[in-house]
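Following: one structure in structure tokens, then a few remarks.
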Amino acid sequence: MHQLLLLRHAKSSWDEPKLADHARPLNPRGKRAAAAMRRAMRDLGLQPDVVLVSSARRSLQTLEALQPWDETPLVEPMDALYLATAPQLLQAVREVSETTRSVLLIGHNPGLHDLALLLAGSAGQSAPGTSLHRLAESFPTAALAEFTVTGPWRSLGEGGARLLRFLAPRDLPEMAA
């Protein structure tokens, strides 16, 4: 059994309008949300073996806010994950070694949200307030979706994972204010 963690990068800054999108850093709220998500992940025992991360500055800074790990994962910054579509993200996950137990993918919407919905299958059957229903509504910045994958990574596809939890920064006590 495998674990797949999908994390959208934290809130980025628009303070420098001439800055290329790829180079935008996190804003103060994004830094707070990423740190809050780090604490939540630690409390839940979520420790990836491999991190696939978009090469965008805001994604890399989100990853930095999650560190240090108890056990250092293999980190793979990937240009191909920048603004990638769901099929492109899925392909990156399918290429992970079968010996890898847990993967954290840090990326961007709409591709990340589309991938989460594709993996979870039909969200129309979920009751209001459930993790699946909340995921279907939106995938906000610094939100985390945790999936269990029972088959091999290379065969992962539509409906091929079970959503265990969906956490948004607003769910965390330190972000409620």
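Read through the list (1) closer than 22 Å to residue 38 by Cβ; (2) more than 14 Å from the chain's Cα centre (by Cα), then give the number of the only condition that residue 91 fails.
For residue 91, the failing item is (1).
Of all the residues that make up the range 130-148, how many are buried (at least 19 other Cβ atoms within 10 Å of the Cβ) and either in a strand (DSSP E or B) or touching a Phe, Trp or Tyr at 6+ places or on another chain (Cβ under 9 Å) (or both)?
Looking only at that region, the number is 9.
Go through the range 137-156 and report how many residues are at pLDDT below 95 and farther than 23 Å from residue 36 by Cβ.
Matching residues across the range 137-156 total 2.
Take residue 72 and tell me if it is on the phi < 0 side of the Ramachandran plot, among the polar types (S, T, N, Q) and either modelled with pLDDT under 95 or in contact with a Ser or Thr (Cβ under 7 Å, 6 or more places away or on another chain) (or both).
Yes, satisfied.
For residue 71, state whether it is surrounded by fewer than 16 Cβ atoms within 10 Å (Cβ to Cβ) and charged (D, E, K, R).
The answer is yes for residue 71.
Could you say which residue among 88, 61, 47 is in a helix (DSSP H, G or I) and surrounded by fewer than 18 Cβ atoms within 10 Å (Cβ to Cβ)? Spell out the reasoning first.
Working: 61 fails: surrounded by fewer than 18 Cβ atoms within 10 Å (Cβ to Cβ); 47 fails: in a helix (DSSP H, G or I).
Answer to the check: 88.
Could you say which residue among 112, 119 is more than 22 Å from residue 66 (Cα to Cα) and touching a residue at least 60 places away in the same chain (Cβ under 8 Å)?
119
Residue 55 versus (1) surrounded by 16 or more Cβ atoms within 10 Å (Cβ to Cβ); (2) under 15 Å from the mean Cα position of the chain (by Cα): which is the lone unmet condition?
Unmet for residue 55, out of (1) surrounded by 16 or more Cβ atoms within 10 Å (Cβ to Cβ); (2) under 15 Å from the mean Cα position of the chain (by Cα): (1).
Could you say whether any residue in the range 32-44 is buried (at least 18 other Cβ atoms within 10 Å of the Cβ) and closer than 16 Å to residue 103 by Cβ?
yes
Say we look at the range 22-31 and pick out the residues that are without any contact (Cβ under 8 Å) to a residue 40 or more places away in the chain and surrounded by 13 or more Cβ atoms within 10 Å (Cβ to Cβ); which of these is nearest to residue 170 (Cα to Cα)?
In this case the residue turns out to be 29.
The values are calculated or read from the model by the stated rules, or taken from the named source; none is laboratory data. Just so we're clear, the structure is a prediction, and the values are computed from it rather than from any experiment. Methodologically, a virtual Cβ is constructed for each residue, glycine included, from the backbone with ideal geometry; neighbour enumeration extends over all protein chains shown.
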